[in-house]
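> Would you mind keeping the following structure in view while I ask a few things?
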Amino acid sequence: MLINRYTHPEMGNLWREGYEYSRWLEVELAVAEVMAKRGEIPAEAWLEIRDRAKVNPQRVAEIEKTVRHDLIAFLQAVVEEIGESGKYLHLGLTSSDVKDTALSLVLRDSGRLLLKDLADLRAALVKRAVETKDVIMVGRTHGIHAEPITFGLKLALWIAEIDRQTERLEQAIESIRVGKISGAVGTYANVSPEIEEEVCKHLGLKAAYVSNQILQRDRHAHYVTTLALIGCTLEKMATEIRSLQRTDIFEVEEPFAEGQKGSSAMPHKRNPIVSEQIAGMSRLLRGNALAAMENVALWHERDMTHSSVERVILPDSNILLDHMLKKMAWIIQGLKVNDDIMKRNLLRTYGFTASQRVLLALVDRGCMREEAYRWVQQAAFKAWEEGKELRQVLPEMPEVMKYLKLEDFDTLFDWSYHLKHIDDVFKRLGLIQA
C-alpha cells in the first residue's frame, strides 16, 4: 500500500493490512447462512458459526508461515475460534469464490468513495465557474494568443469532463459489482447456482453469469483504467494551472499557506507543487492501468500471475485517486484568479484577438477570403514589429479601407462579441438557470 503521506483515513481503511479478512469472513458467513436456510447445513451449526466466527490476524499470519496459503490460513484460524461447527464453513467453495467476491465488495466501496470525491470536486468547480463566468482572458492555441474567452468557460469545460468521468466510474463500479460462488473451475459441482444467486444478493452484488476459477479480469481492468482516465483529467487541469501560474503569465495561483516556503534557496518562490504532485501521480495510475490490462489473459481456468500485481495496483490506484481528487478540490476552492493580469495579458498582443472578426467583416463586404486573410496577416505582422495596435495599422491600408469604415473598428474590436454565448454554455450545463 502507498505511504501514509497520500492515504486518507476512509479510503485507507478499506485497504489496510488485514481488512480483507473481515470481507472474507463476510462472504463465508453469507454462504453458511444461505446453506443453513436451504437445509444444507444444520441450523444449530450456523448459529454457532455466526456467534463464534472471528478473525485473529496474528494467528492467520502464524499459520500462513507454515501452509503458505493465505485463505487456508484464514480458514484454519477462524475454525479454531468456532470449534466443531467450523467444519461447515467453506463447503464446496474454492479460495477465489471468497477472495474475488470479497474484493468486489472492497472495489465497490472504494468506487463509491471516489464518486463522492468527484462530486465534491464538481461542486468546487461549479462555484468558481459561476464566480468567474465573465472574467475575461485570452484563449491560447499552441500556447499562442487566439481569441478572448473567460476563465469560467475554462472551468465549465472541466465540469463537463468530470461529468463524463463520473458516468464512466459508475459504469465501472457496476461492472465490478459481481461475485462468484461457483466452486473450483466454475462448474458448480459442489455448490449450486441458486446459492450463488442468494449469497450475492445478500452481499449487494450480482452473480457473474459465468466464471471459471475466478472472476474475469476484464472487469478489474475496466475499473483501473477508468481510474487512470480520471487521473488524466486531473492531470489536464493541473497542467493548465501550472502553466497559468508561470511567472510570465501569472493568471492564477494555487493556494499558498501562511508560513509555507517554496524553495530552500530562493525565498521569493511560490511553486505550484500540489498541481505538480497530481500530474506526477497520474503517471502511476496509467502504469497501473497497463498492469491491469496485462492481468486479463491468464492460463486456462486461472493462474496466479494477476494476484501479486493486484495486491499493489488495486490499493495504490484507489488511494492515489482519492488523494488526487481531494487535492484538486482543495486547489480549485482556494485558487487565486488574477483577473487584472488576465486582462493585461490579453492586451499584450495589440488587439490581434480580433483578427478573425476583421477577416469575416471583409468577406462579408465582398472581399475574396484569400485576399482578406493576406491583408489582415500583413497588418498583424506589421503591428507586432512596430508595437502598434492592429486597429491603428488596418486603417493605413487602402485595400482594407475600400471595404471598411473607421467606425467599423469600434465594433470589430469589441471583446463582448466573442463572449455573447458564454451564458448559453452555462445554461446547457445547468450551471445557471435557462
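> Those residues that are aliphatic (A, V, I, L, M) and surrounded by fewer than 18 Cβ atoms within 10 Å (Cβ to Cβ), I need them from the range 375-418; list them, please. Spell out how you get there, then give the answer.
Quick first cut of the range 375-418, residues aliphatic (A, V, I, L, M) only: 376, 379-380, 383, 390, 393-394, 397, 400-401, 404, 406, 412.
Within the range 375-418, Met397, Met401, Leu406 qualify.
> Now for a different question. Output the residues belonging to the range 387-400 that are over 47 Å from the mean Cα position of the chain (by Cα) and in a helix (DSSP H, G or I).
Those that are over 47 Å from the mean Cα position of the chain (by Cα) and in a helix (DSSP H, G or I): Gln392, Val393, Leu394, Pro395, Glu396, Pro398, Glu399, Val400.
> Could you check, for the range 332-341, whether at least one of its residues is more than 22 Å from Tyr417 (Cβ to Cβ), crowded, with 22+ Cβ neighbours inside 10 Å and not hydroxyl-bearing (Ser, Thr, Tyr)?
Yes, that holds for at least one residue.
> Next question, about the same structure. For the range 83-95, name all the residues that are within 12 Å of Leu29 (Cα to Cα) and assigned to a helix (DSSP H, G or I).
Hits for the range 83-95 are Gly86, Tyr88.
> Now a separate question. Select from the range 125-145 the residues that are out of contact with any Leu (no Cβ under 9 Å at 6 or more places or on another chain) and closer than 18 Å to Lys236 by Cβ and write down the one among them that is surrounded by the most Cβ atoms within 10 Å (Cβ to Cβ).
Arg140
> Of these, Ala265, Ala279, Ala297, Ala289, which one is touching a residue at least 60 places away in the same chain (Cβ under 8 Å) and of a type outside the set (Lys, Arg)?
Only one candidate qualifies: Ala289.
> Out of the residues in the range 16-31 meeting the condition of being closer than 14 Å to Leu107 by Cβ and at pLDDT below 95, tell me which one is surrounded by the most Cβ atoms within 10 Å (Cβ to Cβ).
Glu20
> Check every one of the helices (runs of 4 or more DSSP H) wholly within the range 285-377 and list those with 3 or more residues that are out of contact with any helix residue (DSSP H, G or I) (no Cβ under 8 Å at 6 or more places or on another chain), more than 21 Å from Glu240 (Cβ to Cβ) and at pLDDT below 95. Before you say what the answer is, go through the steps one by one.
Values: elements: 305-334, 339-347, 355-364.
Hits in the range 285-377: 305-334.
> Give the residue that is surrounded by the fewest Cβ atoms within 10 Å (Cβ to Cβ), with candidates limited to residues of the range 239-250 that are in contact (Cβ under 8 Å) with a residue 40 or more places away in the chain and under 14 Å from Arg128 (Cβ atoms).
Filtering first and then ranking leaves Glu240.
> Gly83 versus (1) free of Cβ contacts under 8 Å to residues at least 12 places away in the same chain; (2) more than 17 Å from the chain's Cα centre (by Cα): which is the lone unmet condition?
(1)
> So, restricting to helices (runs of 4 or more DSSP H) that lie completely within the range 148-255, which ones have at least 3 residues that are over 28 Å from Ala119 (Cα atoms)?
193-203
> Of Met266, Met237, which residue is among the aliphatic types (A, V, I, L, M) and touching a Phe, Trp or Tyr at 6+ places or on another chain (Cβ under 6 Å)?
On the way: Met266 fails: touching a Phe, Trp or Tyr at 6+ places or on another chain (Cβ under 6 Å).
Sole residue among the options that is among the aliphatic types (A, V, I, L, M) and touching a Phe, Trp or Tyr at 6+ places or on another chain (Cβ under 6 Å): Met237.
The values are calculated or read from the model by the stated rules, or taken from the named source; none is laboratory data. Nothing here was measured: the structure is a model prediction, and the numbers come from that model. A quick note on method: Cβ atoms are made from the backbone with ideal geometry, for glycine too, and the neighbour counts reach across all protein chains shown.
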